[in-house]
Amino acid sequence: MTAHKLVLWDIDGTLLYSGGVAGEAMRAAMTRVYGRPSDNERRSYAGKTDQQIILETFPERSPEELLSRLDEFTAAYLDILSAWEDAFRTRGRVLEGAIEILQQLRARGVVQSLLTGNLAPVAHLKLRMMSLIEFFDFESGAYGSDSPRRTDLPLIAAERAAQRYGHVFAGPDIVIVGDTPNDIACARAVGARAVAVATGPFGVDELRAHAPDAVLPDLTDTSAALTVILAQ
């Protein structure tokens, strides 16, 4: 039954916290490639794609100009974040309960992938540095490198998963787990289940106001998380 369930995880604020290192690396990469950093604080980044953040940081420049340098920005971001791996591991952490729920879903044959605003290679690097890559089928996910618009990502992920598994994932077969209102909006865009987790910058009541299917204060109650993720 659960083998036909596609769970798409957000990364930052849902599975792990980078201790600010990833944000610092992103701003350093912006400075290297575009000439100055973003001055946005963490909450304003939350739930946005990396492409969207770049476009919003430099509204005076054309999207075509900015995104023509996306590969260069990605390489710079990876270079800086890789160099800061020790700081990432020291200041960051896997959020409590994340490994347990990932293990339980894997044991049930659930397809687990990612729906994240991170550029795809950055997503892979973050999860590798936190020793989480074993749980995910990266080829079935969707990333900030696929589109500036996060609501475009669920359909991209569903199509990739369908091609890989020969099964059309739709409706409650798709579950999007994240810590921001934008994660909930992604689920609503394709009729998927939205499971919100209040481990990021938004509290339980703030998330509940966006009408997800379920809100969890965190992932520490593995039984409760399994129940809401696997519900039909």
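The values are calculated or read from the model by the stated rules, or taken from the named source; none is laboratory data. None of the values given here were measured: they were computed from a predicted structure. Cβ sites come from the backbone with ideal geometry, for glycine too, and all protein chains shown count toward neighbours. The accessibility values were calculated without ligands, DNA or RNA, using every heavy atom of the protein model including side chains. Shrake-Rupley method; radii C 1.70, N 1.55, O 1.52, S 1.80 Å.
Which members of segment 158-172 meet the condition of being touching a helix residue (DSSP H, G or I) at 6+ places or on another chain (Cβ under 6 Å) and either under 14 Å from G191 (Cα atoms) or in a helix (DSSP H, G or I) (or both)? Answer for segment 158-172, where residues must be touching a helix residue (DSSP H, G or I) at 6+ places or on another chain (Cβ under 6 Å) and either under 14 Å from G191 (Cα atoms) or in a helix (DSSP H, G or I) (or both): R160, A161, R164, V168, F169. The helices (runs of 4 or more DSSP H) located wholly in segment 8-65 that include 3 or more residues which are in contact (Cβ under 8 Å) with a residue 60 or more places away in the chain and within 21 Å of I184 (Cα to Cα) occupy 50-57.
Among the residues of segment 22-75, just one is of a type in the set (G, A, S) and open to solvent by 80 Å² or more (accessible area, probe 1.4 Å), namely S68. For segment 86-101, a residue qualifies if it is assigned to a helix (DSSP H, G or I) and loosely packed, with under 14 Cβ neighbours inside 10 Å, and the qualifying residues are D86, T90. For segment 193-202, the criterion of being out of contact with any Asp or Glu (no Cβ under 8 Å at 6 or more places or on another chain) and either within 18 Å of L105 (Cα to Cα) or open to solvent by less than 40 Å² (accessible area, probe 1.4 Å) (or both) is met by none of the residues.
Could we say that L55 is modelled with pLDDT under 95, at negative phi and in contact with a Leu (Cβ under 7 Å, 6 or more places away or on another chain) here?
yes
Residue check: Q104 meets all listed conditions (1) within 23 Å of S18 (Cβ to Cβ); (2) in contact (Cβ under 8 Å) with a residue 60 or more places away in the chain; (3) outside any loop (DSSP other than H, G, I, E, B) but one, namely (1).
Quick check on D218: is it within 26 Å of E96 (Cα to Cα), assigned to a loop (DSSP other than H, G, I, E, B), among the charged types (D, E, K, R) and open to solvent by less than 60 Å² (accessible area, probe 1.4 Å)? First the steps, then the outcome.
Working: within 26 Å of E96 (Cα to Cα): yes; assigned to a loop (DSSP other than H, G, I, E, B): yes; among the charged types (D, E, K, R): yes; open to solvent by less than 60 Å² (accessible area, probe 1.4 Å): yes.
When the stated conditions are applied, D218 passes them.
Just to be sure before I move on: is I133 within 18 Å of A98 (Cα to Cα) and buried (at least 24 other Cβ atoms within 10 Å of the Cβ) in the structure I sent? Spelling it out, it is not the case that I133 is within 18 Å of A98 (Cα to Cα) and buried (at least 24 other Cβ atoms within 10 Å of the Cβ). Applying the set (1) within 25 Å of L55 (Cβ to Cβ); (2) open to solvent by less than 30 Å² (accessible area, probe 1.4 Å); (3) modelled with pLDDT of 95 or more to V177 leaves exactly one unmet item: (1).
Of everything in segment 86-144 that is farther than 25 Å from S223 by Cα and among the polar types (S, T, N, Q), the residue that is farthest from the chain's Cα centre (by Cα) is T90. Take S147 and tell me if it is open to solvent by 30 Å² or more (accessible area, probe 1.4 Å), more than 20 Å from L230 (Cα to Cα) and of a type in the set (G, A, S). So S147 does not fit the description; no.
Within segment 51-67, is even one residue out of contact with any helix residue (DSSP H, G or I) (no Cβ under 9 Å at 6 or more places or on another chain) and of a type in the set (S, T, Y)? Looking for residues that are out of contact with any helix residue (DSSP H, G or I) (no Cβ under 9 Å at 6 or more places or on another chain) and of a type in the set (S, T, Y), one finds at least one in segment 51-67, hence yes.
Residues that are part of a helix (DSSP H, G or I), touching a residue at least 60 places away in the same chain (Cβ under 8 Å) and more than 18 Å from A162 (Cα to Cα) within segment 107-147 comprise V122, A123, K126, L127, listed in sequence order.
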